[in-house]
Amino acid sequence: MMRFLVKHLIHNYKNIHDAKVRTKYGNLTSLVGILANLVLFLGKFFIGTIVNSVSITADAVNNLSDAGSSLISWISFKLSNRPADEEHPFGHARYEYIASMIVAILILFLGIELVQTSVNKMLHPDTIDFSFVSVGILIASILIKLWMYAYNRHYGKLLNSTVMSATAADSLSDCIATGAVLVSTCISPFIHFNLDGYMGLVVAVFIIITGGKIVRETLNALLGASPSREEVMQIVDLIKSHEGVLGIHDLMIHDYGPNHRFASVHVEVSAKEDIFISHDMIDNIEREIQEKLQIQMVIHMDPIDVDDEETNAMREKMMSIVTAIDPSLSIHDFRMVKGNTHTNLIFDCLVPYQFPLSTNEIMNQINEQLLAFNQTYYAVVTFDHAFTSDIKK
């Protein structure tokens, strides 16, 4: 059904990288979510009140909360599509992350409230009247929520939307929660023991777990989570596919929201190559990354001397010294500055996070090995950390 609505209500629906098309997807899925959850709320609240079931009523309130979450999603798509301005030069796409956080907080609040209601019901149980109507609406609710999970998960991945992914996770937890309520409704009258409060507590636990997971994932996005290795390797492979690229390092990817990513990287080229040819290659790489990956890339060109035998030999020597300390260490931006009495070996050393040795300890080991090799050589090292997964040259 959702695919039918997408094809007939969204013009040019296949162009998912277009901001306007993406907003239409968000509007459609949000409005469908609002309507579906309102219908479920009204049906469950009416039945729950008639059969005196706190778990069904609580599940109804959960659907009302979901309708509010869909409304927040709809608003977030409207706001995130606003163009960049003087105060926000990178656009407003992070509104989606903020909306996801609001949805998560609402889910957590609902879960905590439901815990209190369920505990009270466990301490003071009432009789539950079995009703085929209540069973029917609970089964219908599970089927509708499975459908909502499926389309939100599909379009969340397709559009890289945290709001849709959060809605999908919430819909799946709702299926489990409503299933627990269904079990309570069917079994309690026959075992002569009211499971209503206990199942309500199960529902609350699932709701809280879902909210906590969404908070964690959204917080990571807002703080600036490391990109996936798959995304990093897409960029690396594309850059290395160009003849003339000798190595890359210092890749940084900044996420300002879905389809609003910016990146920078250092690309090593031969110092012997014509500067205009190398610069033209860099321009072509930047354009290709923009077209294929929708990432606005800025490349810093590092010319290196590939013909000087002494420099090449010392680069290899320093790499062996550093990797002998630990294979996870690597170097880049190597150059030699010769003087009358000594020669400086200048390079950057990439150190993984949580590395057991301090930079001073690493430096001491480098100097110890280098002085044993040649007492006129001195290492001048800048230590840095990777902003992405490790990149092998």
With touching a Ser or Thr at 6+ places or on another chain (Cβ under 9 Å), in a loop (DSSP other than H, G, I, E, B) and among the hydrophobic types (A, V, I, L, M, F, W, C) as the only criterion, which of F347, F355, F383 stands out? F355
Name the pairs whose Cβ atoms lie under 6 Å apart, with the first residue in the range 197-211 and closer than 14 Å to T117 by Cβ, the second of a type in the set (S, T, N, Q) and assigned to a helix (DSSP H, G or I), and 6 or more positions between them or separate chains? G197/S118; M199/S55; M199/S184; G200/S55; G200/S118; L201/S118; A204/S118
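For the range 206-257: of the residues being polar (S, T, N, Q) and at pLDDT below 80, which is nearest to A168 (Cα to Cα)?
Just the residues of the range 206-257 that are polar (S, T, N, Q), to begin with: 210, 218, 220, 226, 228, 234, 241.
Still in the list and also at pLDDT below 80: 210, 226, 228.
Details: T210: 10, S226: 23, S228: 21 Å.
Only one residue tops the list, namely T210.
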Out of the residues in the range 298-334 meeting the condition of being loosely packed, with under 14 Cβ neighbours inside 10 Å and small (G, A, S), tell me which one is nearest to P356 (Cα to Cα). S328
Starting from the range 44-66, keep only residues that are on the phi < 0 side of the Ramachandran plot, then list their pairs with residues that are basic (K, R) and in a helix (DSSP H, G or I) whose Cβ atoms are within a distance under 7 Å, requiring at least 6 positions of separation or different chains. V54/K121; I56/K44; D59/K44; A60/K44; N63/K44
Hey, does the range 70-77 have a residue that's over 27 Å from R216 (Cβ atoms) and at pLDDT below 80? no
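Conditions (1) among the charged types (D, E, K, R); (2) assigned to a loop (DSSP other than H, G, I, E, B); (3) surrounded by fewer than 20 Cβ atoms within 10 Å (Cβ to Cβ), marked per residue:
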residue	(1), (2), (3)
N27	no, no, yes
L42	no, no, yes
T49	no, no, yes
A58	no, no, no
N62	no, no, no
D66	yes, no, no
L71	no, no, yes
A84	no, yes, yes
Taking the range 165-186, which residues are surrounded by 22 or more Cβ atoms within 10 Å (Cβ to Cβ), within 15 Å of V133 (Cα to Cα) and among the aliphatic types (A, V, I, L, M)? V181
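From the list A169, A204, which residue is of a type outside the set (S, T, N, Q) and either over 22 Å from L31 (Cα atoms) or touching a Cys at 6+ places or on another chain (Cβ under 7 Å) (or both)? Even if it seems obvious, please write down each step before you answer.
Values: A169 fails: either over 22 Å from L31 (Cα atoms) or touching a Cys at 6+ places or on another chain (Cβ under 7 Å) (or both).
Answer to the check: A204.
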Based on this model, can you work out whether F90 counts as within 21 Å of F262 (Cα to Cα) and touching a strand residue (DSSP E or B) at 6+ places or on another chain (Cβ under 8 Å)? yes
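The values are calculated or read from the model by the stated rules, or taken from the named source; none is laboratory data. Please read all numbers here as calculations on a predicted model, not as lab measurements. Glycine also receives a Cβ, built like all others from the backbone with ideal geometry; neighbour counts cover every protein chain displayed.
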